[in-house]
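Single-structure report; data block below.
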Amino acid sequence: MANEQRLDGGIRRAALYIRVSTEEQAIHGLSLPTQQARLTEYARENGLKVVDIYADQGITARKKYKNRLQFMRMLHDVEADKIDVILFIKLDRWFRSVADYYEVQRILDAHHVHWIATEEEYDTTTANGRLHLNIKLSIAQDESDRTSERIKFVFEGKKERGEVVSGKMPLGYAIENKRMAVDPDTAPIVRDIFAQFVAQRSLRALREYLMHQYSMIYCISGLRALLSNRRYIGEAHGSSDFCPAIIDRETFDHVQSILHERAQRNAHFKSERVYLFTGMVYCAECGNRLSAHTVDRKYIYYRCTKYDKLHQCSHKHRTSELILEDWLVRNLRSQYADYNARIEATCRARPAVDTTLIRRKMEKLKDLYLNDLIDRESYVQDYTALKQTLEELETPEQQAPKPVDLEELSSVLALYSGFDRQQKKAFWSRLVGKIIISNDDDFSVVPPLSYYH
């Protein structure tokens, strides 16, 4: 189907999705700016309004779509009915997994969101079109698997020869002749970091020291990872002398014992701490998942680590768990009442499905086969595709979102104050998919994806 045929009068708001891995950018010239320029021009030529650009950089097609930060931000906007059509240049920018494609397609269908591969032609309104799409996805997935195997083989060879497999080096190292070498400019900083930690025995104090002494910004987990990196004693990839050591083994082992001692000291306190909304709260500005932290071992807050670590996001406000919990108790029912109203409006707007034509095609196909006008392979292939289409059309309830039972929700909310913290956490995990928080402490709620199946 031609591109202009796919654009009807109801499609106005376009989302641009672009994705590139490091290797693809270098080899195929598929840089993010190049993709963005092509898609922007396509939107302009077709009279579409670009509502947002979602760019996943350094993300391979093999990565599960739920781990693509910008893709999930776009999917949230789809669920919020902010998008009419998604543009990407080629199908392999979108998916290389048949299973992932259909999982997301159900959500798009529920919100009447179309997609267009601007530099390829697909028609998903016919059995042959969907068959062609499945074949393309299967080929792309196979190509991705083969590429992964080739890359793995190359990397294993590099490791055996003592060569680096990535251009990113730990602090204190540089690459010389494809191997790790001590960087004379930054290796002294690494030695100072280890020495300071031995002296202060505090990751937070070490973090402050690095900020003031070297203008380096680390999070606590990042410092712990640095201090635990065995490359600093020369070990990597199962080899005890893969690279030159920067830290002597005695110092390294002493640092590990301090880290272990601190972990044991805090283990009891951490085991008693329950964060109600971990994994559910997201930044409205960048789409990043917010992290929880405790102040004075009592008050829990959620904040965007992209701002906290490198100031890459404008979301500098931290949200109190008490305030968020109180807002959810008071507003969850009204949030889901609005959600149910959107579902009802969508169902009313959905046209009635007439499957008569598909059944006629299946009967004609059977006649052609029985009269030896087509071979068995063609018959099975086309008949299976038509049958799958018929099953999808005759079970729309499996594709459409399910409304939230507001009466049940009200009943459980009435008992909420009597729950302990573990029960409260389980309650929110069952009924809430995402909580979107803005820098101004504006909240919105998205139901779990289970409501779309």
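The values are calculated or read from the model by the stated rules, or taken from the named source; none is laboratory data. Computed from a prediction, not measured in an experiment: that's the story for all the values here. Backbone-built Cβ (ideal geometry, glycine too); neighbour counts: all protein chains shown. To get the accessible areas, we keep the full protein, side chains included, count just its heavy atoms, and leave off ligands, DNA and RNA. Shrake-Rupley method; radii C 1.70, N 1.55, O 1.52, S 1.80 Å.
Per the 1.4 Å probe, what fraction of the accessible area of the stretch 175-298, in percent, lies on carbon and sulfur atoms?
47
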Checklist entry - Residues of the stretch 413-447 with amide nitrogen under 13 Å from the 7 Å Cα-to-Cβ point of residue 333? => result 413-416
Checklist entry - Separation between the residue 120 and residue 179 pseudo-spin-labels, each 7 Å from Cα along Cα→Cβ, expressed in nm? => result 4.4
